[in-house]
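The values are calculated or read from the model by the stated rules, or taken from the named source; none is laboratory data. In this text, all values refer to a predicted model and were calculated from it rather than measured experimentally. Backbone-built Cβ (ideal geometry, glycine too); neighbour counts: all protein chains shown. The protein model used for the area step is the full one, side chains on, heavy atoms only, and it has no ligands, DNA or RNA in it. Shrake-Rupley method; radii C 1.70, N 1.55, O 1.52, S 1.80 Å.
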Amino acid sequence: VELNQEDSCEKVFGNSDSTEILGQAFAGGAKTLLVCRVGKGGTASEVKLKSGEEDLLTIQAKYPGSQEFSVTIRTKLTDEKKKECKIYAGTKELESYEFEVQEETEASALAAAMKNSERFQAQILKDGKLDVCSQKLFTAGTNPETAAEDYGDGLAALEPFYFNTICTDTEDVNIHMLIQAFMERIFQMGQFAMAVVAENHSTALQDRQAHAEAFNDKAMIYVL
């Protein structure tokens, strides 16, 4: 995904786990980010909207992850003939939809309103009038699992694009070595870029110094 401004990071990838690296890149002066999320599996969060005890509509996140969401259904304050559906991440409103107040077709009306949502998808279980609710929590999802091969897949996805600098969210030395091999290969093909890596500050200083020295590579920047 290509991002051109800092506020687009949260819009696309949320604000949990290691996504702060994106904002830090913009803070450091980056103008454009090419971002690849790696990993396999995981589950998407979802919530069921009801009429009484009956489930009418399922709203599910389009992508797996553990970010917490909630939903509010209420009558619009300025127009009692309409209802609003608002989806939040914490206290921040992510998306808002309006639909007509009707006894029989509110579920389908909301699903139609959400058709072009970037983050969520709605599935009708049964049409009818939706109960109001206030910040009803989604059932939590789970993040994808990541392994070395997933970072390899991410590097392969980025290879067709020109970039100045590549960075990663992992402190795993094995992944850093994978990135070094990738940088050497694309350098031979005319891609004159750099890679920035770092380890956790709790790693012994002598170990970090040894790992930094071991790179001895024009394309690798090790933040000590």
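What to note about this one:
- Filter result for residue 43 (surrounded by 15 or more Cβ atoms within 10 Å (Cβ to Cβ), modelled with pLDDT of 90 or more and of a type in the set (Val, Ile, Thr)): yes
- For segment 21-34, the condition holds for no residue, the condition being that it is of a type in the set (Val, Ile, Thr), buried (at least 18 other Cβ atoms within 10 Å of the Cβ) and part of a loop (DSSP other than H, G, I, E, B).
- Within segment 169-214, considering residues that are within 25 Å of the chain's Cα centre (by Cα) and loosely packed, with under 14 Cβ neighbours inside 10 Å, the one nearest to residue 20 (Cα to Cα): 200
- Residue in segment 131-140 that is open to solvent by less than 60 Å² (accessible area, probe 1.4 Å) and in contact (Cβ under 8 Å) with a residue 40 or more places away in the chain present: yes
- Verdict on residue 166 being free of Cβ contacts under 8 Å to residues at least 40 places away in the same chain, under 23 Å from residue 26 (Cβ atoms) and surrounded by 14 or more Cβ atoms within 10 Å (Cβ to Cβ): yes
- Counted residues, segment 74-98 - those being touching a Leu at 6+ places or on another chain (Cβ under 8 Å), under 16 Å from residue 121 (Cα atoms) and modelled with pLDDT of 95 or more: 3
- Among the residues of segment 35-55, just one is over 22 Å from residue 149 (Cα atoms), charged (D, E, K, R) and part of a loop (DSSP other than H, G, I, E, B), namely 53.
- Of the residues contained in segment 84-91, none is found to be open to solvent by 40 Å² or more (accessible area, probe 1.4 Å) and under 13 Å from the mean Cα position of the chain (by Cα).
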